[in-house]
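Engineer: Below is the structure I would like to discuss, written out as structure tokens.
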Amino acid sequence: MNPQRAPRTGAAVSGLLAAAALAGCDVEPRLISADSQQSGEAVIVGVTIPAEDAAKIKSHEMYTHVRVGDCEKMEDGYPAEAYVDGAAVSYFAFSTEGKTKAVSGSIPAHIFQRFKDPCATLEGGGYLSGVLVSVPQSIKVEPAR
């Protein structure tokens, strides 16, 4: 056995163990609230989550979208790209300071109007970081501006 190769093998095993530890890590962010605001031909849906959940999304690099649909039929909902602090979550450059974070997504107004009892969820995941899914939260519908 070549003693010079042992550190490489150890590093490879450590890397595999770290990847395995991340795999299957399910994150269920708690939605504190959900609201909507129509802006022209779009509806902006915002959800508020604890900053700790936002930190998990960021640290595990979980690609995230806001799904909007009827509360009883979320699987037929509309997935909207998620934004925090005006930047796509997929850049993983948002702040996790404070107690809560606002996550938003934009969907066409004509699609939002189809939902009789609108709810929002956060869904997504990562290549090695598992699955992200929240419990649906009823959306407080604000008047158009």
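Engineer: May I ask you to derive the FRET efficiency for GLU41 and LEU128 from their Cβ-Cβ distance with R0 = 35 Å, giving the value to the nearest 0.05?
Structural biologist: Rounded to the nearest 0.05, the efficiency is 0.40.
Engineer: Another question, if that's okay. How do the peptides 121-127, 87-93 rank, highest first, by the average count of neighbouring beta carbon atoms within 10 Å per residue?
Structural biologist: Highest-to-lowest ranking by the protection proxy: 121-127, 87-93.
Engineer: Considering lysine pairs in the range 26-141 that are 8 or more places apart or on different chains, how many have Cα atoms under 13 Å apart?
Structural biologist: Step by step, the pairs that qualify in the range 26-141 add up to 4.
A short reminder: the numbers here are calculations on the coordinates, not readings from a lab. Fair warning: this is a prediction, and the values are worked out from it, not measured in the lab. No Cβ is skipped: glycine too gets one built from the backbone with ideal geometry, and neighbour counts run over all protein chains shown.
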